[in-house]
Amino acid sequence: MTQKDLLLMTTPVRENVNIPYHDIGPTTSLPEISLVAGLHGDEINGTYILARLADFLRGIEAGEYPELKLKKRVLIVPAVNVLGINIRSRSWPFDKNDLNRMFPGSPHGETTQRIAYAVLEATKRSRYKIDLHSSSADFEELPQVRIYYPTEKEREGARRFGLTAIMERRPGPVFSTTLMNAWKVWPGESYLLTVGHAGNIQLYHCQEVFRALVTFLGRTGILEGVVLDEGEHGVFLFTRDHEQRVYAEQAGMFVSDSRVGRWVNKGQELGYIYDSFNGNVHTKVVAPATGLLTGIRRQPLLFEGDMLLRVCTKQPAA
Ligand SMILES: [Zn+2]
């Protein structure tokens, strides 16, 4: 049996609640890689991707793919916020705490602190640690690898996913309480994958990230026999200096059929802001620079100052 419980919690009148995880591959050593999703219960892409990945790896273990061999132990937690996901809630439903603001957690604290502690304990000794997220329901992110004050090894290692965009981020003020920050004090490599937007599944993004994870497992030798596509695909490292953002100058309805992941030219039309009463276009939204469209607003209702889109340029701004 490879399904185990990360933590078992009792509830006042209902059944116990547990956080199940997959422990797949040879158990003679510590997990070589830990993959976590669903710290936020409404970010369904990550949960779907990791549940599918677990099914795939179990299939390999069962001999369904004779050409593939799992060489190392893999730990997968598809949904940490097991209650939030039932009701599409980002936070833990009982106390509305954000699980990704609870790290490093405590074994003696409140429920969400104990969950954070259990996640960290189970994963921190893995050589590779990967946390999957989505943007909010309002903003769609191109599937991307995010690295935070990375080591040189991580900056290089992020390329193994083969995803077009690697975003090097300077951590914000809440970063110190995240899983990623808690991982950073442990040896090894930590990556955050941001996939699409919350609220539903964007299948094309999920398929791309599933392939990226299998590629990563292949390139790190965890999974043997993966046919790696060694074609010359562009992988770009973007910092904040490569980003050009467009914000709404006035309220209205933002409508766009532009897809993230497209290379766009400066001045290219990417959407329109309509007056929500008379239907007139009051702003034509254009690409602020030539580059990769890495994020775009999907919630049409706008207030002044809302971010509409982000283009990343190949060269940093001078
Ligand atoms: Zn998240």
Residues of the range 151-179 classified as open to solvent by 70 Å² or more (accessible area, probe 1.4 Å) and closer than 24 Å to T47 by Cβ, total: 1
Hits in the range 70-110 - residues which are in contact with a strand residue (DSSP E or B) (Cβ under 6 Å, 6 or more places away or on another chain), under 21 Å from K124 (Cβ atoms) and away from the ligand (no atom under 16 Å from the Cβ): V74, L75, I76
Given (1) within 16 Å of the ligand (Cβ to nearest atom); (2) surrounded by fewer than 17 Cβ atoms within 10 Å (Cβ to Cβ); (3) over 25 Å from R310 (Cα atoms), number of the condition A182 does not satisfy: (2)
T283, sole failed condition from (1) assigned to a strand (DSSP E or B); (2) of a type in the set (V, I, T); (3) closer than 30 Å to L70 by Cα: (3)
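Here is a yes/no grid of residues against (1) closer than 27 Å to K71 by Cα; (2) within 16 Å of the ligand (Cβ to nearest atom); (3) open to solvent by 30 Å² or more (accessible area, probe 1.4 Å):
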position	(1), (2), (3)
G196	no, yes, no
Q202	no, yes, no
G221	yes, no, yes
E224	yes, no, yes
H242	no, no, no
Y247	no, no, yes
Filter result for R146 (at pLDDT below 95, on the phi < 0 side of the Ramachandran plot and within 16 Å of the ligand (Cβ to nearest atom)): no
All strands (runs of 3 or more DSSP E) inside the range 179-250 with 2 or more residues being more than 28 Å from I85 (Cα to Cα): 236-238, 243-247
Of all residues in the range 123-137 being over 11 Å from E43 (Cβ atoms) and out of contact with any strand residue (DSSP E or B) (no Cβ under 6 Å at 6 or more places or on another chain), the one that is surrounded by the fewest Cβ atoms within 10 Å (Cβ to Cβ): R125
Counted residues, the range 18-38 - those being of a type in the set (A, V, I, L, M, F, W, C) and either loosely packed, with under 14 Cβ neighbours inside 10 Å or within 16 Å of G196 (Cβ to Cβ) (or both): 2
Number of the condition not met by V260 [criteria: (1) part of a strand (DSSP E or B); (2) under 29 Å from E156 (Cα atoms)]: (1)
Hits in the range 66-81 (condition: more than 17 Å from the chain's Cα centre (by Cα) and among the aliphatic types (A, V, I, L, M)): L68, L70, V74
Leading residue by the ranking (nearest to K69 (Cα to Cα)) among those in the range 39-57 that are more than 16 Å from the ligand (Cβ to nearest atom) and open to solvent by 10 Å² or more (accessible area, probe 1.4 Å): F56
Subset of the range 99-121 that is open to solvent by 30 Å² or more (accessible area, probe 1.4 Å) and touching a residue at least 40 places away in the same chain (Cβ under 8 Å) - its residue that is nearest to D42 (Cα to Cα): R101
Close pairs from the range 25-38: first in the same structural domain as D131 (by TED's automatic domain parsing), partner open to solvent by 10 Å² or more (accessible area, probe 1.4 Å) and of a type in the set (S, T, Y), Cβ under 8 Å, at least 6 apart: E32/Y128; E32/T220; I33/Y128; I33/T220; S34/Y128; A37/T47; G38/T47
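The values are calculated or read from the model by the stated rules, or taken from the named source; none is laboratory data. Remember, predicted model here, so these are calculated numbers, not experimental data. Positions of Cβ are generated from backbone atoms using ideal geometry, with glycine treated the same way; all protein chains shown enter the neighbour counts. Surface accessibility is based on the protein's heavy atoms, side chains included, excluding ligands, DNA and RNA. Shrake-Rupley method; radii C 1.70, N 1.55, O 1.52, S 1.80 Å.
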